[in-house]
1. Could you compute the FRET efficiency for B:GLU225 and B:THR197, with r as their C-beta to C-beta distance and R0 at 22 Å, rounded to 0.05?
2. P(r) for the range A:35-136: what percent of alpha-carbon pairs falls in each 10 Å bin, starting at zero?
3. Place the label 7 angstrom along Cα→C-beta at B:ASP215 and in each other copy, then list the distances from the first to the rest in nm, shortest first.
4. HN-Hα J couplings of the range A:79-84 from phi, Karplus 6.51/-1.76/1.60, θ = phi - 60°, integer Hz, Gly and Pro as x?
5. Kindly report, to the nearest 10 Å², the accessible surface of A:THR437 as traced by a 1.4 Å probe over protein heavy atoms only.
6. Amide H neighbours of A:VAL163 under 5 Å, at least 5 residues apart or on other chains, H built in the peptide plane: list them.
7. For the range B:264-387, max minus min Cα coordinate along each principal axis, in Å, sorted largest first?
8. Which entries of A:LYS78/B:LYS551; B:LYS94/B:LYS115; B:LYS389/B:LYS499; A:LYS210/A:LYS389 have Cα-Cα distances beyond 23 Å here?
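The values are calculated or read from the model by the stated rules, or taken from the named source; none is laboratory data. Since the model is a prediction, treat every value here as computed from it, not as a measurement. Note that each Cβ is placed from the backbone with ideal geometry, even for glycine, and that neighbours are counted across all protein chains shown. The area values use the complete protein model at the heavy-atom level, side chains included, leaving out ligands, DNA and RNA. Shrake-Rupley method; radii C 1.70, N 1.55, O 1.52, S 1.80 Å.
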There are 2 protein chains.
Amino acid sequence: MPKKVIIIGAVALGPKVACRLRRIDPDAEITVIDRDSLISYGGCGIPYYVGGDVADLEGLYSTTSHAVRDSEFFKTCKGITVLPRVEATAIKRKEKKLVVCHLAEDRTEELAYDKLVIATGATPFRPPFPGADLADVFTMSNLHDAKAIKDKIATGQVEKAVVIGAGAIGIEMAEALTDLWGVETTIIEMADQVLPTALGRNMARVVENKLRENDVNVMLAERVEGINGDDKTGVKSVETANGTVPCDLVVLSAGVRPNTGFAAQAGLALGSSGALLVDRRMRTTDPDIFAGGDCIEMRNLVSGENTTMPLGSLANRQGRTIATNINGGSSHFKGTVGTFCIKVFDMAAATAGLTFNQAKTAGFDPVYAIVAQHDRAHFYPESQLMYIKLIADRKSRKILGIEAVGAEKDAVKARVDAVAPLLAGGVDVDDISGLETGYAPPMASAMDIINNAGNALDNILEKRNRPIDVMDFIDAFQKGEAKVLDVRGPKEAAPFMEKYNGQWINIPQAQLRENIHMVPADEPLCLLCDTGPRSYEAQILLDNKGITNTKNIQGGYGMILVTDKEFIA
Amino acid sequence: MPKKVIIIGAVALGPKVACRLRRIDPDAEITVIDRDSLISYGGCGIPYYVGGDVADLEGLYSTTSHAVRDSEFFKTCKGITVLPRVEATAIKRKEKKLVVCHLAEDRTEELAYDKLVIATGATPFRPPFPGADLADVFTMSNLHDAKAIKDKIATGQVEKAVVIGAGAIGIEMAEALTDLWGVETTIIEMADQVLPTALGRNMARVVENKLRENDVNVMLAERVEGINGDDKTGVKSVETANGTVPCDLVVLSAGVRPNTGFAAQAGLALGSSGALLVDRRMRTTDPDIFAGGDCIEMRNLVSGENTTMPLGSLANRQGRTIATNINGGSSHFKGTVGTFCIKVFDMAAATAGLTFNQAKTAGFDPVYAIVAQHDRAHFYPESQLMYIKLIADRKSRKILGIEAVGAEKDAVKARVDAVAPLLAGGVDVDDISGLETGYAPPMASAMDIINNAGNALDNILEKRNRPIDVMDFIDAFQKGEAKVLDVRGPKEAAPFMEKYNGQWINIPQAQLRENIHMVPADEPLCLLCDTGPRSYEAQILLDNKGITNTKNIQGGYGMILVTDKEFIA
């Protein structure tokens, strides 16, 4: 008898399970239900639809060959039944029946299953402040929202917008609103940095500056207390602890909550996040019920803890695993190392593993290096500075995380992707020094930034390099607690000598060996060069001459440039 | 007493050893000798200097902060003695002395060492045909050659050029000559494909077509018999087994030979290639003599065999290892997986591991999948087709190699770099299906091409997908041995229906389920769609209906497009 498989949810994971299962089991009766009318869309593409990169909404639910992915498509091309506007309300696990409601007719029905797949995703969180449910307060949960926002902007109804939450979606939406439409946009974030779960503070600062450069107003460490307006005249402003931000539109991107209410009621176990617990075969605590995507917890393979990670890429891979296992195969989804990337205007950021703070919380003793270097041979005309932060555990030298920012987005991705797949298995600092990635002058340096990140971290762990974080340096310098010894050329140093008279000393590297006597030996010195290597060599030279009260500014002038433009203005 | 360290060779590895050693041992007496006057240059940058991307020769031997890397620079900035125009002629190992000749004065001297480093590199091979040593027959061995070629072209002396050898340097030089200077350029290659040691024939064909598109004349499977001309009037033509190619300039890029004569005479062991044998600590068979770079053999970590791999990136990493070990540390260079990348006009190719043929020779039973897919979300405006070939061993499912070509060079690199570092440790097909790389629509697909390459190979290994290579398909089709069942839309299929009347059948995927009776059941059918997934689903559907004499064209129409434009013209 053909296997009856019901899949709840027809976006990302659901269709992937259905299509893969159909290919490996031609006889299964596969039914996919979804409470929405629009299905199988690329939800991650919504900001690019709003921002105009994707012209039509249909682009987000069409195949590469421009077929619209609707019920008819799934029927004729895939042999799969999709029922839109049908919501799952309960699971009768003993009888193996799913109770559903046909929303259009408000009719209840019971569907028998052999295997059930929960792919219900997550719902954007609406914080409990006044006005969060006003009509012009949008979340980015589905294509209806996307269309409503774009229509509103395109008809000239939006001059000012507030985005609440500086996570990935918040940033992507801020770019969409600003870049194409010129909407005056403010991001308000509770944490003291953007992308608080993805990046450490230094790299987040680079992203923040890129947003500001592109006229996005960024408010950090700011609590939203309410949204003013009404459903007739629309949104008027957002009220924060420190003031009022006028706006015509609010985008809420303050995280998501897994849609697991009916699953919990059926007795399936949830993790502390409220998402479903699954094993490596993607089975819930009921072996006939699988789950995946945004409604489950998965293992973080670096910290060992459970986490949620709402990403279409993970959902698709989990979907394949589920289909294989429903068909009697054995496929494992081991977890995630939190690989993430984002385009931010003409720059990209990427990360994998844990941030410094996450590593500390997870019980490691993290140490990091920041390296600034060209993304290809420095003599190659297109080369631009890229920045990598590499984090390892002090004792084991195990790599815990990597973060990168830079102008060439695929090059940024290349560096992080070369390390990410190694994190789960365990990889140490020396492995990164020796990492074998592709080399040709138009794409990399002979000693590539990724290898140099390993080398720099090795030198720090071996105590040959005593670094100071650029943000700590700026802080100490501004408090008058440190002087700068600039080992660049006189031309580069001149403006700073003038601006910071006495606190900024210049001895070019080539003259340092013979001018040690000019180095103030008894006060804290921060050593500076373009990107770090020359100041590191200066530190070693000074150490050998007994001048040891020095710190090497990580990433040098290049890192200051993207961290704090005011400092060097 | 300070350690006396002599390094023979001042390009790439030599300077790296010297600089790193200086940083970790402030007291060592470090001397670097080189027979050339120009030192510490980026040799891999020569084609970009000739092609104009790098304006001045100095760009190739300057630091990122525009300091010229000459003897003075090494003395003042690094505390290292560099002696140019000094050649090593013999090693007196018992006395630990190096015999050198000061070339300018023709004076011999003996230098005592505690540790010796051989970084003598390799010399371009001049095949033993007549004319190979004419003045206008250049090799790309040093900056003098580079300058001579560029000067000759810039003064209008070159209208036609022949490049002998279609390896990386040959292709980069062909691009340099054609792209900026409009020199009519012919590449002549003995093998029946370009990049014969780096790519399989399909991917090589894509590179070859890109060269042809850009007006490079490519002659394959062609033997050069001599070069006509004389030193006074210059080169006239290149004589091949099949004809005469007129030219004013010849670039020889027919491989290199390691410079190990004096080392062999000193009794150091060489491998079968003539390059030095070293252990993982980069020591030759004399533990006081280290060697690295283009003059050594290293382990291929996939095949287990020894290989030479003349790449600046490997040399730099080996240099760090040598310095650490000279200083009493313990650093290992384990070998290479042959990671390689190259820009070819507005395209790039990258590879790691073994090609199909290399895998066979190494005793594996290789199976491969070719996947054509967009390099980012297909709805994202910049997205373009990328092509990946993934090769695994049939029985162990271990990944043996990966090749990629595509328009966005950093995106191509990203895919290969994500796999390359895993090859040494052993990674299987399922690991690639589940590979966790960064996802955001502007940089990847939710189910990225790299994961789909794993999935496609899994399906082939599981015998769910019976593929045919696009080149085999074209061959069989042209011989009339196969028909095409095109499951794309009627508009896409129409021109081929007309051109290949009767041999080209069209049933769009959405209509196939209900039109099985129209499929010829008794003759060989090759299934075609845009890039492969729909024809794969068609194959499964037909299999279930008992029509099993089908093969799925790997990479579909997209792969034909870059393989054989004539076929679809």
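1. On the way: r = 23 Å, r/R0 = 1.05.
The pair B:GLU225/B:THR197 has a calculated efficiency of 0.45.
2. So the P(r) values, bin by bin, are 12, 29, 35, 20, 4.
3. When each copy's label point is compared with this one, the spacings are 4.3 nm.
4. Karplus-based 3J(HN,Hα) across the range A:79-84 equals x, 10, 8, 10, 10, x Hz.
5. Rounded to the nearest 10, the figure is 10 Å².
6. A:THR186, A:ILE187, A:ILE188, A:VAL251
7. 60, 33, 26
8. Numbers: A:LYS78/B:LYS551 20 Å; B:LYS94/B:LYS115 13 Å; B:LYS389/B:LYS499 30 Å; A:LYS210/A:LYS389 18 Å.
Over 23 Å Cα-Cα: B:LYS389/B:LYS499.
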